[in-house]
Amino acid sequence: MSTENALVTLLREGVSVQESSVDSKRDLEDCLRSACNDFIEHTSASLLGPIAGLVDQCKSAESTSTDLLIKAPFMNGVLVKGVFSNANESLDGQLEDVSKQMSLYLENTATQGILMKPVVRKINRSLEEAKRFIGETTDGENDWDAELRADIVKSLEEFESKVKIIAKK
């Protein structure tokens, strides 16, 4: 008998049988949950763009020291303004891309809306953290002043309002 014989292989190695349909259902749910979480992470990071990086840097610096955060080069007022300006400029195109991609795979707009809600929540949390970090800046330090702070907050609020529109769809 040849070792390539399927019957011999079957007798030698046995058959792997799924325990029950409950395990299959659980595996499918785990796979779906993982795919949804990946989508939420990727989409929110993509839509936030450079804001996500800024918030992550702020969190890292804050865990070390609040003084370090305020004086950090990435918290330079002019740079922060640029981050929000760039994010605002690219948001419309990115929202359109996400919408097109979702339409390719999900015909039902209700399903699209359900999937976008956690994305919007995640974006809103990041924006709230960004507001908090901006509020901790001090006039005269790291190129910050009241006028610049107001411009940045206005840009942040514009971004926030665009995100709220997709939440309503």
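The values are calculated or read from the model by the stated rules, or taken from the named source; none is laboratory data. Fair warning: this is a prediction, and the values are worked out from it, not measured in the lab. A quick note on method: Cβ atoms are made from the backbone with ideal geometry, for glycine too, and the neighbour counts reach across all protein chains shown. Heads up: the accessible areas ignore ligands, DNA and RNA and are worked out on the full protein's heavy atoms, side chains in. Shrake-Rupley method; radii C 1.70, N 1.55, O 1.52, S 1.80 Å.
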Qualifying positions in segment 61-113 - more than 18 Å from S46 (Cβ to Cβ) and of a type in the set (D, E): E62, D67, E107
Unique residue being in a helix (DSSP H, G or I), in contact with a Pro (Cβ under 9 Å, 6 or more places away or on another chain), open to solvent by less than 20 Å² (accessible area, probe 1.4 Å) and touching a residue at least 12 places away in the same chain (Cβ under 8 Å) when the list is F159, F84: F84
Residue count, segment 115-140 (criterion: aliphatic (A, V, I, L, M) and within 17 Å of V80 (Cβ to Cβ)): 3
Criterion (of a type in the set (G, A, S) and open to solvent by 60 Å² or more (accessible area, probe 1.4 Å)) met by exactly one of S24, S60, S46: S60
Filter result (within 30 Å of E141 (Cβ to Cβ) and open to solvent by 50 Å² or more (accessible area, probe 1.4 Å)) within segment 87-128: E89, R125, E128
Those residues of segment 68-81 which are of a type outside the set (S, T, N, Q) and surrounded by 14 or more Cβ atoms within 10 Å (Cβ to Cβ), in sequence order: L69, I70, K71, A72, F74, M75, G77, L79, V80, K81
Long-range neighbours under 9 Å by Cβ, at least six apart or interchain, first residue outside any helix (DSSP H, G or I) within segment 48-59, second open to solvent by 10 Å² or more (accessible area, probe 1.4 Å): G49/V83; G49/N86; G49/S90; G49/Q94
In segment 106-143, the residues that are among the hydrophobic types (A, V, I, L, M, F, W, C) and either more than 12 Å from the chain's Cα centre (by Cα) or more than 20 Å from P50 (Cβ to Cβ) (or both): L106, A110, I114, L115, M116, A130, F133, I134
Near pairs, Cβ below 6 angstrom, 6+ apart or cross-chain, from segment 140-156 (within 19 Å of A72 (Cβ to Cβ)) to any residue that is acidic (D, E) and open to solvent by 60 Å² or more (accessible area, probe 1.4 Å): D145/D139
Among residues of segment 129-139, those that are surrounded by fewer than 16 Cβ atoms within 10 Å (Cβ to Cβ) and either in contact (Cβ under 8 Å) with a residue 24 or more places away in the chain or not in a loop (DSSP other than H, G, I, E, B) (or both), counted: 5
